[in-house]
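Okay, so here's the structure we're looking at.
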Amino acid sequence: MARKLWTLIAVVLVALAVVIPCLRAGETSAASSYQVLAPIRHGNLTIFPVVSGNSHDTREFLTLDEGLRSGEVVVTESGKVSPLVRPRHSTGVWDESRRNDGAEVNRLVLVNNSKKPLLLLAGEIVTGGKQDRIIGKDRLVPAESDPIDLSVFCVEPGRWVANSVKFGAATAMVQPSVRSKAMSNKDQAKVWSEVGSARTGMAAGLPPSASETVEVTDSYAGVIQNKEVQHRLDSVAVPMQQEYQSVIRQLRDKNAVGVVVAVNGEIIWADVFASTNLLEKYWPKLVRSYAAEAMVQQVKSASPDIKSAQEFLSRIQGKREVVENEPGLYRHTEISGDGFKVFELTSLLPSTGFDLHIAKMTD
């Protein structure tokens, strides 16, 4: 009997020795399944479309813009709704009768009342309350969630007075240089500093009256909503958006899922999603964030080629990984390598197990 038991154990160990390398090989092949295509260029901005050999069903995921517009996602200052307790009878209505004024710069409270999991991306702007903020990191919020503390960064340092009780979606995302300070540095002072640099860069070259207005505007959302700034952003973003959407339509069968971004000839960023559907939802705000980066850093230089963009996207092996798990919900992995950082958000919900979003930046 003992001999049979040891024989069984030996068989199991051999099987594991075979399976584990196969799983690693599978992970590597999945990471290398992205293909970079010929670039779209406008001025000093270059965008390489990315297609994938894998496709995932992401229709059941809710975006922040969708949730705020429908009212199914509620955001409030921390302490404004304390406590929020979901009624035992499912009315979908929150008890906001108990309030206090414990608002904090880097904390908001979010409730997802929808029946879909909510996807949040770092850099998405939430306007309202006592300051405009941006989401600090990629994450998933479960359907019909309890209130959660939302880690955010302020992008409006000059105001601490509520101009609106309700928070809303700015349908915008901060440019990569600001996103990186939230995602990588996780430093409020550096976020504010980068917002200031962005404001100065956007004001450069504008008519004097518009330039003065931008320079005295503390709100990042307010800057990009300035008419003159919008006009300049549109001159880059609109043709880029239209051309890429045309590419997406043409490449739907090839699973267009993301982009590699270069400004002034230097590759700085990549955003890759689990599906064309998710990319299409985020594309309008993403392309404007890239255009804002190009607007701030206006220098003419050589354009990068497909080979360098492919190498940038494919190189994700790092020296250090920091993993955060929400069991049964998501895994967030931060990978640090030589001159770059990668942020992967993996869904752990039933029937998923795939990367919802991958962001890569030069560091």
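Using only the alpha carbons of the range 182-262, determine the length spanned along each of the three principal axes and report them from longest to shortest in whole angstroms.
Here the spans come out as 47, 33, 19 Å, largest first.
Check residue 219: other-chain or 5+ apart residues with amide H under 5 Å from its amide H, H built from backbone geometry?
Sorted by chain and number, the residues that satisfy this come to none at all.
Which value in nm describes the separation of the simple spin-label points at residue 234 and residue 107, placed 7 Å from the Cα toward the beta carbon?
4.2 nm
Consider all pairwise Cα distances in the range 282-363 and report the whole-number % of them above 14 Å.
Of all Cα-Cα pairs in the range 282-363, 73 percent lie more than 14 Å apart.
Where in the range 29-72 is the amide nitrogen less than 19 Å from a point lying 7 Å along the Cα-to-Cβ axis of residue 280?
Correct set: 49-67.
Of the heavy-atom accessible surface of the range 189-263 (probe 1.4 angstrom), what whole percent is carbon and sulfur?
48 percent
Name the residues whose placed amide hydrogens come within less than 5 Å of the amide hydrogen of residue 172, ignoring near sequence neighbours (fewer than 5 apart) on the same chain.
125
Under a point spin-label approximation (7 Å from Cα along Cα-to-Cβ), what is the residue 322-residue 225 distance to one decimal in nm?
3.3 nm
What's the extension gain from residue 354 to residue 336 if we count 0.36 nm per residue and subtract their Cα-Cα distance?
4.4 nm
If I take the Cα coordinates of the range 231-340 and project them onto the principal axes, what are the three extents in Å, biggest first?
44, 31, 26
Report, in listed order, any pair from 115/281; 115/190; 116/319; 307/341; 137/190 with a Cα-Cα distance greater than 26 Å.
115/190; 116/319
Would you kindly state how much longer the chain becomes between residue 186 and residue 33 on full extension, computed as 0.36 nm times their sequence separation minus their alpha carbon distance, in nm to one decimal?
52.1 nm
The values are calculated or read from the model by the stated rules, or taken from the named source; none is laboratory data. Note that the structure is predicted; figures quoted are calculated from it, not measured. Virtual Cβ from ideal backbone geometry, glycine too; neighbours counted across all protein chains shown. All accessible areas refer to the heavy atoms of the entire protein, side chains included, with ligands and DNA or RNA removed. Shrake-Rupley method; radii C 1.70, N 1.55, O 1.52, S 1.80 Å.
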